[in-house]
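Trainee: Would you mind keeping the following structure in view while I ask a few things?
The values are calculated or read from the model by the stated rules, or taken from the named source; none is laboratory data. Values in this document were obtained by computation on a predicted structure and should not be read as measured data. Positions of Cβ are generated from backbone atoms using ideal geometry, with glycine treated the same way; all protein chains shown enter the neighbour counts. Note: areas computed on protein heavy atoms with side chains; ligands, DNA, RNA excluded. Shrake-Rupley method; radii C 1.70, N 1.55, O 1.52, S 1.80 Å.
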Amino acid sequence: MSESAVQTAATTALPPQPVSFWQAFLFWLKLGLISFGGPAGQISIMHQELVERRRWISERRFLHALNYCMLLPGPEAQQLATYIGWLMHRTWGGVVAGALFVLPSLFILIVLSWVYVAFGEVPVVAGLFYGIKPAVTAIVVQAAHRIGSRALKNNWLWAMAVASFVAIFALSLPFPLIVLGAALIGYLGGRFLPDKFSVGGGHGAARQSFGTALIDDDTPPAEHVRFRWPRLAMLLVIAAALWVLPMGVLTLWLGWDNTLTQMGWFFTKAALLTFGGAYAVLPYVYQGAVGHYGWLTPTQMIDGLALGETTPGPLIMVVAFVGFVGAYVQQVFGAEQAFLAGALAATLVTWFTFLPSFLFILAGGPLVESTHNELRFTAPLTGITAAVVGVILNLALFFGYHVLWPQGFAGTFDWPSALIALAAAVALFRFKRGVIEVLLACAVAGLAVHLLLK
């Protein structure tokens, strides 16, 4: 073994230095600014940064937390950041990590939504979006490959991934049903085939690759991650107050039938239905915001989805666009205060959409942390991880279809987008370039193509 290899092995055998709250704060802020690529891309960034590079958390603990977040309604990447922040720095660590994952996206979407409704289409922005969409397709494919290469360690797990893909792609089964089925198969597999469902996605190999982590597989649980009934009761009371207070103010100030009050109520319900990520709940949001309330037109909803796809943060942040445009166009506070109404609506719907996510993590985290070494709990989560690989592959095909055939298969094939997607895939798989580098390069390429050919 060479001297450099010996030094590397010695370094990875030692845990990294403790991370202060402010060091973590700066990282979560950076993550909120660069978390492009939807949930798959965001989880990929967190894995690269927190497991592989910084070694703040081990592979096994990372995947265990991710599996729990996959079970919950709400944006799994934001919840995963909240979970890891809570593990490292208690409740405030989780609140800061989750909030910083969302706030940059909120501010950016408020500005872009205002430009959209006030000035119409912006060719430069449209060009940047044109290049980013094929790059996102390649990033999602890479995420499926990365997670699959770690999680699918035997034929049983491969079969579950294939079955989940068929279930969602060919049979159009709802994601919650796929998750429940995978969890049931994992539970039964843990009882009758424990050797097939205890691999945990190849965690042993991961430890050899990345070294000892700050929160490692055998790190004793900190005091704040232990389950306590009084703490759970306190969290439930605080969460209820944080929902009742703004809803009560809106109702008393504007009335129950006012646009802002109805937005708060509608997106509270949406937050509890977002099993499987943003794409699972978008039909519900579309039906309510466009069909029932008439806050947006169908074209505006599609444009909002494009903005949500190409800004940092969870894709479900498209709700901020819905809130802004709905309140702005309907002039809730009058024509002179249209921007104020839109900004307030975007902030309110973001609050009501993400409040349950924080409660799920801070209240459920102690229960989850008590199970990461018990096969009867980890085997169902191993099954879910395998199923999620198939779901992510389906998402990649969904992106690819809409990017390469924007008018459907009956329309023309978008060959510039195909070339950008291919270049992004080569950069990611062959040259191991970072997600942000690829996104920036593809955005520039898309702008050039859009200005020259469109």
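Trainee: In Å, the Kirkwood hydrodynamic radius of region 381-426 over pairs of distinct alpha carbons?
Mentor: Working: mean 1/r = 0.0832 Å⁻¹.
When all Cα pairs of region 381-426 are included, the Kirkwood radius is 12.0 Å.
Trainee: Identify all lysines with a Cα-Cα distance to Lys153 below 25 Å; exclude those on the same chain that are fewer than 8 residues away in sequence.
Mentor: Those lysines meeting the cut-off are Lys196, Lys432.
Trainee: With a 1.4 Å probe and all protein chains left in place, how much of the accessible area of the chain comes from carbon and sulfur atoms, in whole percent?
Mentor: Carbon with sulfur: 70 percent of the solvent-accessible area.
Trainee: On to the next question. Computed FRET efficiency, Cβ-Cβ of Leu254 and Gln23, R0 30 Å: what is it to the nearest 0.05?
Mentor: Numbers: r = 42 Å, r/R0 = 1.42.
Efficiency, rounded to the nearest 0.05: 0.10.
Trainee: Could you work out the relative contact order of the chain, using alpha carbon pairs under 8 angstrom and six or more residues apart, expressed as a whole percent?
Mentor: On the way: 647 pairs, mean separation 146.3, N = 454.
It comes to 32 percent, rounded to a whole number.
Trainee: Step through the residues of region 442-447 one at a time and calculate ³J(HN,Hα) from phi using the Karplus curve (6.51 cos²θ - 1.76 cosθ + 1.60, θ = phi - 60°), rounding each to whole Hz and writing x for Gly and Pro.
Mentor: After applying 6.51 cos²θ - 1.76 cosθ + 1.60, I find 5, 4, 5, 4, x, 4 Hz.
Trainee: With a cut-off of at most 10 other beta carbons within 10 Å, and DSSP calling the residue loop, which chymotrypsin sites (Phe, Trp or Tyr not before Pro) in region 329-373 qualify? Please list them.
Mentor: none
Trainee: If you don't mind, another one. Write down the accessible area per residue of region 20-60 in Å², having rolled a 1.4 Å probe over the full set of protein chains.
Mentor: So region 20-60 comes to 37 Å² accessible per residue, rounded to a whole number.
Trainee: Using alpha carbons only, how many angstrom separate the centre of region 292-343 from the centre of region 426-444?
Mentor: 30
Trainee: While we're here: Would you mind finding the longest exposed-site-free stretch of the chain, with exposed GluC sites (Glu not before Pro) meaning DSSP loop and at most 10 other Cβ atoms within 10 Å?
Mentor: Details: sites that count: Glu121, Glu374.
So the longest stretch without any such site is 122-373.
Trainee: Amide H neighbours of Ile215 under 5 Å, counting only residues 5+ apart in sequence or on other chains, H built in-plane at 1.01 Å?
Mentor: Ile57, Ser58
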